[in-house]
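Working notes, structure below.
Each value in this text was obtained by applying a stated rule to the coordinates, not by laboratory testing. Everything quoted here is computed from the prediction, not taken from an experiment. Virtual Cβ from ideal backbone geometry, glycine too; neighbours counted across all protein chains shown.
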Amino acid sequence: SVSTSYPAGTAYVFAGGGQTAAGAGQTNVEAALVAAGGQLGVWNDAGVQNFGVSASGYGVCAANGQLFTFGGQNGGPSRGAMSAVLATPPTLAAGAWNDEGLSMTRGRYLLGSAVQSAFIFLLGGQTDEPSAASRTTELVIW
């Protein structure tokens, strides 16, 4: 769990967005409780606000009581980021998935993401550069 409003010892997995086999965009976000032994509970979308735009191939981070996505909108590279505040398990606070107002150097899609301390690293992926495959890394501080 990444929020102090979640009871100690509880953890949830969130899954969101993507594309259908036909290439249509998805905006749904769901959560499942991780039970003792690691088994996932039933996927639930009650109170878990959906993305406002089609999102897929984005980088992710959970930090400071929030979920973040970077890039990957409408099936292609995007420079933007969105965030949602975690609320009472497993809901997200009203107005979830706000635009973070940050603009990465390059639009990215199918990127990797990693967190170390307060640093979020956004790695490679398909970009809006002249060369579609990127070898660059961007750094965001949460």
Ranked by GNM mean-square fluctuation in the chain (Cα springs under 10 Å), the top entry among F14, F70, F119 is F119
Computed for the chain: size of charge dipole around the Cα centre, +1 on C-beta of each Lys and Arg, -1 on C-beta of each Asp and Glu, debye to nearest 20, value 180 debye
Taking alpha-carbon centroids only, the range 1-66 lies from the range 67-142 a number of Å equal to 15 Å
Of the residues W142, I120, L92, the Cα lying farthest along the dipole of the range 65-142 towards its positive end, which is defined by charges on the beta carbon of Lys, Arg, Asp and Glu, belongs to I120
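Could you work out the local net charge near S131, counting Lys and Arg as +1, Asp and Glu as -1, over the other residues with Cβ closer than 14 Å to its Cβ? Don't skip to the end; give the middle numbers.
Values: positive: R106, R108, R135; negative: D128, E129.
Spelling it out: positives minus negatives among the neighbours equals +1.
Ranked highest first by average number of other Cβ atoms within 10 Å, how do 56-69, 16-29 line up? Show your work: numbers first, answer last.
Numbers: 56-69: 19.6, 16-29: 13.9.
Answer by packing, highest mean first, reads 56-69, 16-29.
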Mean Cβ-within-10 Å packing, highest first, puts peptides 130-139, 100-109 in the order 100-109, 130-139
